[in-house]
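**Student:** Please find one structure pasted underneath; my questions will follow.
Just so you know, all these numbers are worked out from the coordinates, no wet-lab data involved. Small disclaimer: the values here were computed from a predicted structure and weren't measured. Counting neighbours? That spans all protein chains shown, and the Cβs are built from the backbone with ideal geometry, glycine included.
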Amino acid sequence: MLVTLVNPPALVARFNYSTLSHPPIGLAYIASFLRARGHSVRVVDAIGAGMEIFEPVRETPGFLMQGLPFDQVVRAIDPSSRIIGFSCMFTHSWPVVRRLVTLAREKFPNAVLVAGGEHATAMAELCLSEAPLDCCVLGEGEMTVAELADAIEAGRGMGDVSGIIFRSSDTGGIVRTKERKRISPIDSIPWPAWDLVTPHVYRLYEGPSTGPTMPMVASRGCPFKCSFCSSFAMWKKRWEARDPAGIVDEMEEYARRFGTREFQFSDISPFVDRDWAEALCREIIGRGLDVSWQVPAGVRVDLIDKEMAWLLARSGFRHIQYAFESGSPAVLGAMNKGLRPEKVMDAVNASIAAGMKVCVLFIIGYPGETMEDVKLTWKVIRRLAAAGVHEIAISSFVPLPGTSVFEELCSQGRIRVDDGFLLEMASATSLTHAASWNPGFTGRKILFFKWLGILQFYIVSFMFHPARMFSMIRNIVSGVQESKTERAVLEIGRKIVLLMRNAYGKGKH
Ligand code: B12
Ligand code: SF4
């Protein structure tokens, strides 16, 4: 039976610094799993096939759609596909996915249309009510979609497949099936099907990348339950890691096959098991791989000490991002982060001493956060700049669906889910706009606090480390991305050029 998996075009905000698209590794995993179970699979990667196409979208002002136009995506789907699966990772992209699903339904009235990914998991009912989907796969997708394909091929209903929400053909109602257990060990999942998705057309990556890199996954899930994070809704509390030797085998294979020297790990919560993290570093070092690797997700500051930092650096992990979130113990407590503010300096000092480039991530505008809390965050930011941290990123708080703070705000009647709300989920990293879910601050104030935080960081940083200013200017002028900030500047410049080209009709496809 033929299953076609679709990576829809991305909706990217014009002036954000974290909206780069990565190769669809989740789909590549599902494709390899389905194939191993005897199904035929095709992948339509709308982003990869239209990397340079950035078009304004009428319904979503302020955003550009990156990737093939809708009609070309639908045309690329093989009409003999029995199941068409759509990846729906980001909440703000739902308006695009919804339109694509609707067009696919018109062209393929008899196919089974399925969505999966973070947004489809957190808001499955909304997805089924707004788009002509047959079912949403909740959480980890490989086993569920394989069982779904088996059931459909055998002419059975979907009711026995755990881990889905589907539209019953008998009653038309929405049915949620039994919860699915996470796959364990995750080494049983075959490596991603990179013969069906071309990762190297994705030129730009999150983080300070200097060349073509490969995405990988070493672990899935997170044992913590921060109130603003959707990890629990997606993966529950289970953290599953791959065998370090298998991970490094995969790195070696990509180095051999594609000449890859740089790897981005899409793990949401890296290094939570100290022994495992050490074993992974030692395996990379032991095999003499001359590679660099990093994780775009923030590392918890309580996981890294001197020894770990040194091992990481020696194994090629040269840029680390810490998810510290706030300098205020009260806000960290409200976020259920389980961190003490003093921890950040230890981790940061250890990482700088080990020779890593360090970025620290913050959130401003959390519900209940006061001016005093913001001042505490600024104080930590200044200390970090003086200590030699290379950069910071400040997000404005957004209540992502699937998080406990989202549920809380909904129960207080402070969230109305409509397209306007969904699009706001992309505003956390906007440089020109912020929304507020904190009655104490307006969105403009939060944006102002964010800029003031960034300004304080660079003033102190350039005062204590003046050479940094020159290397940043040199990198931006020569197009090198050694830091997130440099990449953001270059990426926004690139979007402006593409927009101008489109305006003059040169970039149209
Ligand atoms: C790597 C990553 C990034 C990368 C690139 C992501 C990309 N592909 O473009 C970068 C750093 C650029 C990034 C940026 C952002 N990110 Co991000 N990112 C992640 C992260 C850590 C890993 C994603 C991943 O590759 N996972 C590994 C694969 C194996 O898992 P998966 O993709 O989820 O796929 C599985 C299932 O979802 C399912 N599945 C997936 N697709 C399909 C399709 C079908 C048909 C089926 C049946 C199943 C299915 O099966 C797969 C295999 O089990 C996730 C957290 C997480 N662990 O998921 C956050 C996450 C996806 N990001 C998030 C956010 C908010 C953002 C930003 C908006 C942040 C910001 N404020 O700017 C931006 C937006 C970027 C954009 N392109 O628009 C949120 C999304 C929440 C939401 N509901 O929107 C997440 C969940 C983090 C969080 N918990 O808050 N991100
Ligand atoms: S923010 Fe990080 S530590 Fe907290 S639940 Fe999410 S992944 Fe885990």
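**Student:** With the Cα gyration tensor of the range 124-191 giving a ≥ b ≥ c as the square roots of its eigenvalues, does the rule (a/c under 1.5 for rounded; else a/b larger than b/c for prolate; else oblate) give rounded, prolate or oblate?
**Tutor:** In terms of gyration-tensor shape, prolate.
**Student:** Name every cysteine in the chain that ends up alone, with no second cysteine's Cβ under 4.7 Å, or say none.
**Tutor:** Cys88, Cys127, Cys135, Cys136, Cys222, Cys281, Cys359, Cys410
**Student:** Can you pull the Rg over Rh of the range 313-442, Cα-only, Kirkwood?
**Tutor:** 1.01
**Student:** Report ³J(HN,Hα) in whole Hz for each residue of the range 126-138, in order, from the Karplus equation J = 6.51 cos²θ - 1.76 cosθ + 1.60 where θ = phi - 60°; Gly and Pro get x.
**Tutor:** So the J values, rounded to whole Hz, are 4, 4, 5, 7, 9, 9, x, 7, 8, 6, 10, 8, 9.
**Student:** Using the count of nearby Cβ atoms within 10 Å as a rough guide to exposure, how do Thr91, Thr171 rank from fewest to most?
**Tutor:** Listed from fewest to most nearby Cβ atoms, that is Thr171, Thr91.
**Student:** In the range 350-404, which GluC sites (Glu not before Pro) fall in coil by DSSP and have 10 or fewer other Cβ atoms within 10 Å?
**Tutor:** Sites meeting the loop and neighbour criteria: none at all.
**Student:** List the aspartates and glutamates whose Cα lies under 12 Å from the Cα of Lys178, skipping any in the same chain that are fewer than 8 positions away.
**Tutor:** The qualifying aspartates and glutamates are Asp160.
**Student:** Hey, any idea what Rg/Rh is for the chain, computing Rh the Kirkwood way over Cα pairs?
**Tutor:** Dividing the radius of gyration by the Kirkwood radius yields 0.95.
**Student:** Roughly how tilted is helix 443-464, in degrees to the nearest 10 and between 0 and 90, from the longest Cα axis of the chain?
**Tutor:** Helix 443-464 and the main axis of the chain meet at about 50 degrees.
**Student:** So what's the Cα pair-distance distribution over the range 204-305, bin width 10 Å, in %?
**Tutor:** P(r) for the range 204-305, in whole percents per bin: 14, 45, 32, 8, 0.
**Student:** Can you quote the Å³ per residue value for the convex hull of the Cα atoms in the range 2-176, rounded to an integer?
**Tutor:** 107 Å³
**Student:** Net charge within 11 Å of Val73 by Cβ-Cβ distance, Lys/Arg positive one each and Asp/Glu negative one each, not counting Val73 itself?
**Tutor:** Net local charge, Val73 excluded: +1.
**Student:** List the GluC sites (Glu not before Pro) in the range 266-358 that DSSP assigns to loop (not H, G, I, E or B) and whose Cβ has at most 15 other Cβ atoms within 10 Å. Which are they?
**Tutor:** Passing both the DSSP loop test and the Cβ count: Glu342.
**Student:** Still on this structure, please answer the following. Order of Ile285, Ile189, Ile47 from fewest to most other C-beta atoms within 10 Å?
**Tutor:** In order of increasing Cβ crowding within 10 Å: Ile285, Ile189, Ile47.
**Student:** Also, I was wondering about something else. Among the listed pairs Lys337/Lys484; Lys306/Lys450; Lys306/Lys357, which have their C-alpha atoms separated by more than 22 angstrom in this model?
**Tutor:** Exceeds cut-off: Lys337/Lys484; Lys306/Lys450.
**Student:** Output ³J(HN,Hα) for the range 416-429: one whole-Hz value per residue in order, computed from phi by the Karplus curve 6.51 cos²θ - 1.76 cosθ + 1.60 with θ = phi - 60°, and x for Gly and Pro.
**Tutor:** 10, 7, 9, 4, x, 5, 4, 5, 4, 5, 8, 7, 3, 9
**Student:** Give me the Debye-computed log₁₀ of I(q)/I(0) at q = 0.09, 0.15 Å⁻¹ for the range 135-254, equal point scatterers on Cα only, no solvent, two decimals.
**Tutor:** Per q value, in the given order, log10 I(q)/I(0) is -0.36, -0.92.
**Student:** A further question on this structure: Sorting Arg220, Arg340 on the 10 Å Cβ count, fewest up front, what's the list?
**Tutor:** With the sparsest Cβ surroundings first, the list reads Arg340, Arg220.
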